[in-house]
Amino acid sequence: MNLNQKKTAFIALGQFLSQFSLDNSAKKESVLYNDLFFDRFLDLIALSQSHNGWFTPEQVHFSITSWAEALTEENLNQWLSNYDFSTVQPKTIGLILAGNIPLVGFHDFLSVLISGHNVMVKTSSNDQKLLPFLAEYLIAVEPNLAESITFAEGKLENFDAVIATGSNNTARYFEYYFKDKPSIIRKNRNSVAVLNGQESKEDLIGLGEDIFRYFGLGCRNVSKLFVPRGYDFKLFFDAIYEYGDIIYYEKYANNYDYNKAVFLMSLFPLLDNEFLTLKEDESYASPISSVFYEFYDDLETVKTKLLEDSEKIQCIVSNNLINDSISFGSSQKPKLWDYADNVDTISFLLKI
């Protein structure tokens with residue numbers, strides 16, 4: 001298969017995914033194989049929450065829509081134009097995927113196939129259904145892909161390189177177990193926002209999206225705020241009020257009640273609006289339903305700290321206060337060329 005054939009298959013997948021939305025999923029006549037896949041995918045989306053309680057229809061549809069918007073000819077061409085795929089000798093790349101948010105491993109899956117390698121996937125027990133379905137659709141569009149896609153039931157075997165995602169603890173195991181293979185090992189990371197008090201209400205509403213999307217379970221979710229000393233949190237709480245319905249989701253509410261109780265029993269001072277707690281803390285990884293914050297006296301200190309802690313941080317949200325930061329409300333819509341941990345997956349794959 002050549003690169004254009006693979007691009008065409010993924011563009012077709014993007015067109016298929018573009019038919020589905022939370023409020024109105026509707027068939028488009030131009031989309032391939034709807035007779036085989038459209039109704040089945042609707043059923044799978046409806047059942048996703050029974051497979052993983054955090055995968056509500058809203059969150060699954062958000063992920064699907066994000067990938068539909070990403071998988072266009074223009075985006076694929078822009079992403080891939082700087083790489084040379086002409087000398088790739090196909091190898092088998094093992095993927096060990098996380099399952100914290102829907103389709104979290106799809107970018108690695110796409111990268112392996114588009115670069116000309118074969119993929120052997122070990123899905124997370126928390127996300128076992130969505131990616132195999134999309135792989136089935138791709139194979140229907142481009143049957144030659146069947147020889148390039150394998151889903152492993154047990155442990156990975158007979159592979160040439162690996163991309164594995166897990167916690168800091170499992171990463172140590174991965175580093176030991178895969179020490180003789182080319183690898184990308186991804187650990188825990190968190191995202192931060194840097195505020196200066198000049199943000200508009202619309203900015204802070206966008207920040208709410210960065211915090212609450214996927215219930216805060218993703219590495220691109222903002223879990224830590226840097227704010228100037230004396231910052232008025234009333235502006236922040238007023239803006240995120242529109243996300244208050246999240247407390248009516250039982251799993252989130254249970255986390256809110258539990259984590260708030262733990263903080264209060266430990267006599268930590270809290271800011272609280274009945275669906276989110278704010279705690280002053282130098283750490284980056286806040287629990288679900290809570291965001292940590294840290295005061296600063298000058299931005300240069302923040303810049304230095306973020307640079308020193310870069311291996312703990314996935315992305316930074318601000319109004320251009322920090323170099324290479326992204327805009328409010330965009331953390332969960334990365335571009336194809338926005339690599340996890342800033343590790344260029346395609347470059348890694350081309351060197352194997």
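The values are calculated or read from the model by the stated rules, or taken from the named source; none is laboratory data. Because the structure is a prediction, the values reported are computed rather than measured. FYI the Cβ positions are ideal-geometry reconstructions off the backbone, even for glycines, and counts take in every protein chain you see. Remember, those area values only see protein heavy atoms, side chains included, never the ligands or the DNA or RNA. Shrake-Rupley method; radii C 1.70, N 1.55, O 1.52, S 1.80 Å.
Some observations on this one:
- Counted as qualifying within segment 150-253 are the strands (runs of 3 or more DSSP E) with 1 or more residues that are within 23 Å of residue 314 (Cβ to Cβ), of a type in the set (A, V, I, L, M, F, W, C) and without any contact (Cβ under 8 Å) to a residue 40 or more places away in the chain, namely 183-186.
- Criterion (open to solvent by 50 Å² or more (accessible area, probe 1.4 Å), closer than 25 Å to residue 334 by Cβ and not aromatic (Phe, Trp, Tyr)) met by exactly one of 157, 202, 153: 202
- As a summary of the residue check, residue 124 satisfies the conditions (1) touching a helix residue (DSSP H, G or I) at 6+ places or on another chain (Cβ under 8 Å); (2) farther than 23 Å from residue 330 by Cβ; (3) surrounded by 17 or more Cβ atoms within 10 Å (Cβ to Cβ); (4) among the small types (Gly, Ala, Ser) except for the one numbered (1).
- Criterion (open to solvent by less than 40 Å² (accessible area, probe 1.4 Å), of a type in the set (Gly, Ala, Ser) and not assigned by the TED database to the domain that holds residue 271) met by exactly one of 197, 166, 216, 208: 166
- Residue list for segment 274-328, filter: open to solvent by 30 Å² or more (accessible area, probe 1.4 Å), in a strand (DSSP E or B) and without any contact (Cβ under 8 Å) to a residue 24 or more places away in the chain: 280, 326
- Residue-level analysis places residue 55 outside the set of residues that are more than 21 Å from the chain's Cα centre (by Cα), aromatic (Phe, Trp, Tyr) and assigned by the TED database to the domain that holds residue 111.
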